[in-house]
Amino acid sequence: MNELEKCMAGEPYNCHDNVFLEFKAHARELLKEYNALAYGEKEEKRNVLKQLFGEIGNNVSVGLPFLCDYGQNIYIGDNVSINMNCTFVDCNKITIGNNTLIASNVQLYTATHPVPLADRLTPGWEPGSEEYFCRTYALPIKIGSGCWLGGGVIVLPGVTIGAGSVIGAGSVVTKDIPDNVVAAGNPCRVIREINRDLAGR
């Protein structure tokens, strides 16, 4: 299994492997171009995003500035609004469903590290090594259709947010959120159900 396969499988991988450095370099060039575009240059923006993202649907807006790691692991559906100053660390796949709103300053993090120090440090690492000094792995994030993530929401690795759900501003989402609920807090917890009138549609 190569480093890319390890990464996508959620196993520890060398994030300084050349394949990832190339992904980053490509994304940085496209982000530099994208973030320099004027508000009204919609066609130019879409052309850049089509090169940056793994998949992009129709009627997608991504506010400036926008930051991501690789770009190619971001998959966005139709009718999606991503407001300004969002950061998507897409070392693994980030999927965003249709009809979804993502407010300003939202952060989606797929990358993480082991918690115990002995597990986090790379065995035998020495300065000048091609490997990173600590172990890294990445888990996918999925945001269902019809969601709304409020300003400043942070979503941690491996989390799925169910369709139709609303995440309150400033929440830190550490675990999966079911469909059709309002959830908020740190850690984010379900507050109440919504969208009962849409059941079965």
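The values are calculated or read from the model by the stated rules, or taken from the named source; none is laboratory data. Everything numeric in this text was worked out from a predicted model, so none of it was measured. Here Cβ is always computed from backbone atoms with ideal geometry, including for glycine, and neighbour counts include all displayed protein chains. Heavy atoms of the whole protein, side chains included, go into the accessibility calculation; ligands, DNA and RNA do not. Shrake-Rupley method; radii C 1.70, N 1.55, O 1.52, S 1.80 Å.
A few comments on the model shown:
- Selection within segment 15-55 - among the small types (Gly, Ala, Ser) and either farther than 15 Å from Gly71 by Cα or without any contact (Cβ under 8 Å) to a residue 40 or more places away in the chain (or both): Ala25, Ala36, Ala38, Gly40, Gly54
- Failed item, numbered, when Ile167 is tested on (1) open to solvent by less than 10 Å² (accessible area, probe 1.4 Å); (2) in contact with a helix residue (DSSP H, G or I) (Cβ under 9 Å, 6 or more places away or on another chain): (2)
- Pairs meeting the criteria (first residue in segment 160-181 and more than 18 Å from Pro140 (Cα to Cα), second residue surrounded by fewer than 22 Cβ atoms within 10 Å (Cβ to Cβ) and among the polar types (S, T, N, Q), beta carbons under 7 Å, at least 6 apart or on different chains) are Gly164/Asn180; Gly164/Asn195; Ser165/Asn180; Ser171/Asn186; Asn180/Asn195.
- Selected residue (criterion: farthest from Leu156 (Cα to Cα)) from residues of segment 82-104 that are open to solvent by 20 Å² or more (accessible area, probe 1.4 Å) and assigned to a strand (DSSP E or B): Leu101
- Ala183 open to solvent by less than 50 Å² (accessible area, probe 1.4 Å) and either more than 25 Å from Gly57 (Cα to Cα) or assigned to a strand (DSSP E or B) (or both): yes
- Residue check: Val115 meets all listed conditions (1) hydrophobic (A, V, I, L, M, F, W, C); (2) outside any loop (DSSP other than H, G, I, E, B); (3) open to solvent by 60 Å² or more (accessible area, probe 1.4 Å) but one, namely (2).
- Subset of segment 186-199 (residues that are open to solvent by less than 90 Å² (accessible area, probe 1.4 Å) and modelled with pLDDT under 95): Asn195, Leu198, Ala199
- Scanning segment 97-146 for residues that are among the small types (Gly, Ala, Ser) and over 14 Å from Ile161 (Cβ atoms) yields Ser104, Ala111, Ala118, Gly124, Gly128, Ser129, Ala138.
Yes or no, residue by residue, for (1) in contact with a Gly (Cβ under 9 Å, 6 or more places away or on another chain); (2) open to solvent by less than 80 Å² (accessible area, probe 1.4 Å); (3) at pLDDT 95 or above:
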site	(1), (2), (3)
Asp17	no, yes, no
Glu22	no, no, yes
Ala27	yes, yes, yes
Leu37	no, yes, yes
Glu55	yes, no, yes
Leu64	no, yes, yes
